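FYI, it's all coordinate maths here, none of it is from the lab. What you see is a predicted model, and the numbers here were worked out from it, not measured in a lab. Cβ placement follows ideal geometry from the backbone for every residue including glycine, while neighbour counts extend to all protein chains displayed.
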Amino acid sequence: MVRTSLGQTRFRFGVFEVELRAGELRQHGIKIKLQEQPFQTLALLLERSGDVVTRDELRSRLWSADTFVDFDRGLNKAINRLRERSMMQRRAHDSSKPFPSAAIVFLPPSNC
């Protein structure tokens with residue numbers, strides 16, 4: 001199960017392991033290439049596992065205040081990249097629960 005604590009830098013859930021300091025995602029011990037924004041999205045969702053993470057919180061984590069970007073498109077792209085990397089594939093238990101245009105919550109698989 002994903003356990004969070006202040007300052008935690010390593011998370012394990014299912015067949016995945018995330019090392020925040022190294023910026024690494026591994027599946028079955030094999031490093032998976034992941035760009036910075038999808039990785040930072042995953043990091044915030046793991047740090048706040050089980051809690052609602054608002055789109056504004058994600059915006060603050062991914063882009064500085066003086067950055068002008070199509071935020072919705074950028075965030076959707078980051079989430080889709082996570083799914084492409086098998087992080088959030090839809091199964092009987094979906095590990096990513098969207099909330100209407102406002103937030104996302106990450107629920108680790110129940111078999112962890």
So what's the net charge close to residue 24: Lys and Arg +1, Asp and Glu -1, counting the other residues with Cβ under 13 Å from its Cβ? +4
Say the dipole of the stretch 40-86 comes from +1 at the beta carbon of Lys and Arg and -1 at that of Asp and Glu; which of 54, 64, 78 then lies farthest toward its positive end? 78
The ³J(HN,Hα) series, computed from each phi in the stretch 62-67 with the Karplus coefficients 6.51, -1.76 and 1.60 at θ = phi - 60°, rounded to the nearest Hz and given as x for glycine or proline, is 8, 9, 6, 4, 8, 8
Checking the a/c ratio against 1.5 first, then a/b against b/c, what shape does the Cα gyration tensor give for the stretch 37-85? oblate
Within the under-13-Å Cβ sphere about residue 57, not counting residue 57, Lys/Arg +1 and Asp/Glu -1 give a net charge of +1
